[in-house]
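Enquirer: If you scroll down you'll find the structure; I have some questions about it.
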Amino acid sequence: MRILFRYFENLVNPYVDYPEEDRPPTRLWPFMMGYARPFARVFVWAGLLSVLVAAVEVWLIFYMGRVVDILGRDDPARVWSQYGIELIAVALFILLLRPLLHVVDVMLLNNAILPNFGTLIRWRAHKHVLRQSVGWFENDFAGRIANRIMQTPPAAGEVVFQVFDAISFALAYLIGAAVLLMASDARLLIPLAIWFALYVVLIRWTVARVGPASKAASDARSAITGRVVDSYTNIHSVKMFAHHEQELDYAREAIERSRETFQAEMRIFTLMDVVLVSLNGLLIVGVVGWAIALWMQGQASVGVVAAATALTLRLNAMTGWIMWALTTFFRQLGVVAEGMETIAQPIDLVDAAAARPLALREGKIELRGLSHHYGRGAGGLDRIDLTIEPGQKVGLIGRSGAGKSTLIKLLLRFYDAEAGQILIDGQDISEVRQDSLRGHIGMVQQDSSLLHRSVRDNILYGRPDAGEDEMIAAARQAEAHEFILDLTDPQGRHGYDAHVGERGVKLSGGQRQRVTLARVILKDAPILLLDEATSALDSEVEAAIQDTLYGMMQGKTVIAIAHRLSTIAQMDRILVMDRGRIVEQGSHADLLARGGLYARFWARQSGGFLDADAAE
């Protein structure tokens, strides 16, 4: 049996290579068909088997009517002598072939399609979302994005399930029922046709309302996830400001909205059920009553009445299931449509068609007429011209909002500049591959968040192919080795195997920063960006790793952002930014002698930090 399971489970590879699209289809069915393409052959067989299983079920009802007529014709001995072989053959078919058909049908659906279809969608959706720019992620809740990645695949799988398990089966069954009744007496089709017409009207009414209602409910559930995850992610702020009740109110607003949308959805189903019961009563009375009337007139046998009765009772039992299947089908389509708002968004920051890897020879950086205002027309950078020679160490200072971080983000190509160029060794970074560009840049940020994995995994993120000795050497250089050896997580893992928690929450700010430094040391990239690299370190630790930092800078092109001016005073050149422009540049001594903005920053700094507001 295990071999049989494995055969069906491996009919489709959910990780098969596929042409990635920067702009996926934005309409529902083309979107679904793109994911369904690897399943085309399996879908055809699943559809055929679903129809065949339905045909067998209708034939069984027809045959039960025939059995009733046979039993009423003569005494048991004559019936057995005349029809015994036929009855045995039918019994063998029911015991052997019918289960075999059912097994293949179910295994195609449950083992070949459902697990692989959801996996394929989740894998490709995650792959697509990971290609989005940093700016794209900054404009949405991480929780909502993750929720859509998680809920869309099972919803799409449910759509496929209902197509083959219910809709195709039901259509085949209904057609078979019509053929059976027509073969018995064509007049029996009249009540069936009237019932079917009213049933279609009910389906149309239900579907027209369920789709939008389901999408609204799905949107509301995603909003809950976004708000709840936001609270959990920022739990330190929640506790520190004692805003427990405020966060509950914030979540309750979204939860109540979800309840209201779900109530509206359920009202539709209640009305549907009430009308459906009435329609099914009409079906039973119409078809069975007419069959009895025909029998009383001698125009139909007892077998015909029995078959018509069994068929209508079966349809009566099926109609609720079919209606629920159809509404589930369209409800899940609504969930898929809601997920498409994230999964099908175009990727705007892409590699050029002929993009090549960055060929870094020296590390010379040039900015030519660089402007970026985040589409607002103000803020960011404004017409920056700058050349940083290979191996030069440049300090970058300015008030908050002066454009320092924007410059770094553009250099990493987290955004495409609205105007101007950035060149590295004469190569426009918009024309090289993003992964190769960032592979040549090491960065230590002020917000040193870590992955919720082991310390080892976090350090090796800088260079996954590094050996254990190289990793430990980098940790020692970052003054991290000693505290790492003392780490233990709740699962009992120690040292480099200990997990650091979401965003590294189980470590102190200084510990996180030192692990981040170790990661960048291990990467050993020729261009180094430091954004307040020592801001989270206490004075003793900072002094201990200053030599390490300066050692890291040797032979590299360096841009360092700092508010603690003493940390960049030894740089080859210092750039002072204000309102998106470079307003001063030179060495520490030159800028002090000039008596401009830098000199005022230096004079007004408190405890070695830039007092930008006072310098205003």
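The values are calculated or read from the model by the stated rules, or taken from the named source; none is laboratory data. Owing to the predicted nature of the structure, the values given are computational and were not obtained by experimental measurement. Glycine also receives a Cβ, built like all others from the backbone with ideal geometry; neighbour counts cover every protein chain displayed. Surface accessibility is based on the protein's heavy atoms, side chains included, excluding ligands, DNA and RNA. Shrake-Rupley method; radii C 1.70, N 1.55, O 1.52, S 1.80 Å.
Enquirer: Could you state the angle between the C-alpha long axis of helix 114-130 and the longest principal axis of the C-alpha atoms of the chain, as a value from 0 to 90 degrees rounded to the nearest 10?
Expert: 20
Enquirer: Distance cut-off 22 Å, Cα to Cα: go down the list K409/K506; K404/K556; K393/K523; K404/K523; K393/K506; K364/K393 and report the pairs above it.
Expert: K409/K506; K404/K523; K393/K506
Enquirer: Within 13 Å, Cβ to Cβ, of G34, how many net charges do the neighbouring residues add up to if Lys/Arg are +1 and Asp/Glu are -1?
Expert: +2
Enquirer: Another question, then. Label D416 and E21 with points 7 Å out from Cα along Cα→Cβ: what is the distance between them in nm?
Expert: Each label point is offset 7 Å from its Cα along the Cβ direction, giving 2.0 nm.
Enquirer: Right, something else. Could you give the length gained on full extension between L198 and K127, defined as 0.36 nm per residue of separation minus the Cα-Cα distance, in nm?
Expert: Working it through step by step, the gained length comes to 21.0 nm.
Enquirer: In whole Å, what is the distance between the alpha-carbon centres of segment 479-524 and segment 49-77?
Expert: 72
Enquirer: Given a 1.4 angstrom probe, what's the average accessible area per residue across segment 374-509, in square angstrom?
Expert: 46
Enquirer: Karplus couplings for segment 57-64 from phi (6.51 cos²θ - 1.76 cosθ + 1.60, θ = phi - 60°), rounded to Hz, Gly and Pro as x?
Expert: Those phi angles translate into 5, 5, 4, 4, 5, 4, 6, 4 Hz.
Enquirer: Also, quick follow-up: Using a 1.4 Å probe over the heavy atoms of the protein chains, calculate the carbon and sulfur portion of the accessible area of segment 66-130 as a whole percent.
Expert: Exposed carbon and sulfur together represent 70 percent of the surface.
Enquirer: In segment 379-468, what percent of the accessible surface is made up of carbon and sulfur (1.4 Å probe, ligands and nucleic acids excluded)? Show your work: numbers first, answer last.
Expert: Working: 1580 of 3610 Å².
Answer for segment 379-468: carbon and sulfur cover 44 percent of the accessible area.
Enquirer: Considering only protein heavy atoms and a 1.4 Å probe, what is the carbon-and-sulfur percentage of the accessible area of segment 172-212?
Expert: 78
Enquirer: A further question follows. If we count every other residue with Cβ under 13 angstrom of L451's Cβ, Lys/Arg +1 and Asp/Glu -1, where does the sum land?
Expert: Combined, the nearby Lys, Arg, Asp and Glu give +4.
Enquirer: Would you mind getting the Kirkwood hydrodynamic radius of segment 63-183 from its Cα pairs, rounded to one decimal in Å?
Expert: 19.3
Enquirer: Run the 1.4 Å probe and let me know the accessible area of I94, rounded to the nearest 10 Å².
Expert: Counting only protein heavy atoms, I94 exposes about 50 Å² to solvent.
Enquirer: Could you give the length gained by full extension between H244 and V79, i.e. 0.36 nm per residue of separation minus their alpha carbon distance, to one decimal place?
Expert: Computed gain between H244 and V79 is 51.4 nm.
Enquirer: At what distance in nm do the modelled label points of V583 and A473 sit from each other, each positioned 7 Å from its Cα along Cα→Cβ?
Expert: Using points 7 Å along Cα→Cβ, the separation is 4.6 nm.
Enquirer: Could you give me the radius of gyration and the Dmax of segment 125-234, taking only the C-alpha atoms into account and expressing both in angstrom?
Expert: For segment 125-234, the Cα-based Rg and Dmax read 22.3, 71 Å.
Enquirer: Roughly how large, in nm² to one decimal, is the mean projection of the convex hull of the alpha-carbon atoms in the chain?
Expert: Numbers: hull surface 150.2 nm².
Result: a mean projected hull area of 37.5 nm².
Enquirer: When the solvent-accessible surface of protein heavy atoms is calculated with a 1.4 angstrom probe, in what order do F43, F141 fall, highest first?
Expert: Descending accessible area places them as F141, F43.
Enquirer: With +1 on the Cβ of every Lys and Arg and -1 on the Cβ of every Asp and Glu, and nothing else charged, how large is the dipole of the chain about its Cα centre, in debye rounded to the nearest 20?
Expert: Computed about the Cα centre, the dipole is about 1280 debye.
Enquirer: Kindly provide the helix-only [θ] at 222 nm of the chain, computed as the sum of -39,500 (n - 2.57) over DSSP H runs of four or more divided by all residues, to the nearest 500 deg cm²/dmol? Let's see the in-between values first.
Expert: Details: 23 runs with 366 residues, N = 616.
Rounded to the nearest 500, it is -19500 deg cm²/dmol.
Enquirer: For segment 395-462 and segment 177-248, what is the separation of their C-alpha centers, rounded to whole Å?
Expert: 44
Enquirer: In nm, give the distance between the simple-model label positions of D428 and A142, each being 7 Å from the Cα along the Cα-to-Cβ direction.
Expert: In this crude spin-label approximation the distance works out to 3.5 nm.
Enquirer: Over the chain, what is the relative contact order in whole percent, taking alpha-carbon pairs under 8 Å and six or more residues apart?
Expert: 14
Enquirer: Excluding ligands and nucleic acids, what accessible area in Å² is computed for D382 using a 1.4 Å probe, to the nearest 10?
Expert: Counting only protein heavy atoms, the figure is 40 Å².
Enquirer: Sort largest first and round to whole Å: the equivalent ellipsoid semi-axes of segment 466-512, each the square root of five times a Cα gyration tensor eigenvalue.
Expert: On the way: eigenvalues 66, 33, 17 Å².
After scaling each eigenvalue by five and taking roots: 18, 13, 9 Å.
Enquirer: Would you tally the net charge around D572, using a Cβ to Cβ cut-off of less than 11 Å, leaving D572 out, and scoring K and R as +1, D and E as -1? Could you put the intermediate results ahead of the total?
Expert: Values: positive: K393, R573; negative: E389.
Cβ neighbours under 11 Å give a net charge of +1.
Enquirer: Per-residue accessible area for D230 at 1.4 Å probe radius, Å² rounded to 10?
Expert: Roughly 60 Å² of D230 is accessible to a 1.4 Å probe.
Enquirer: Here's a follow-up. Compute the distance from the alpha-carbon center of segment 31-45 to that of segment 282-342, in whole Å.
Expert: So the two Cα centres are separated by 29 Å.
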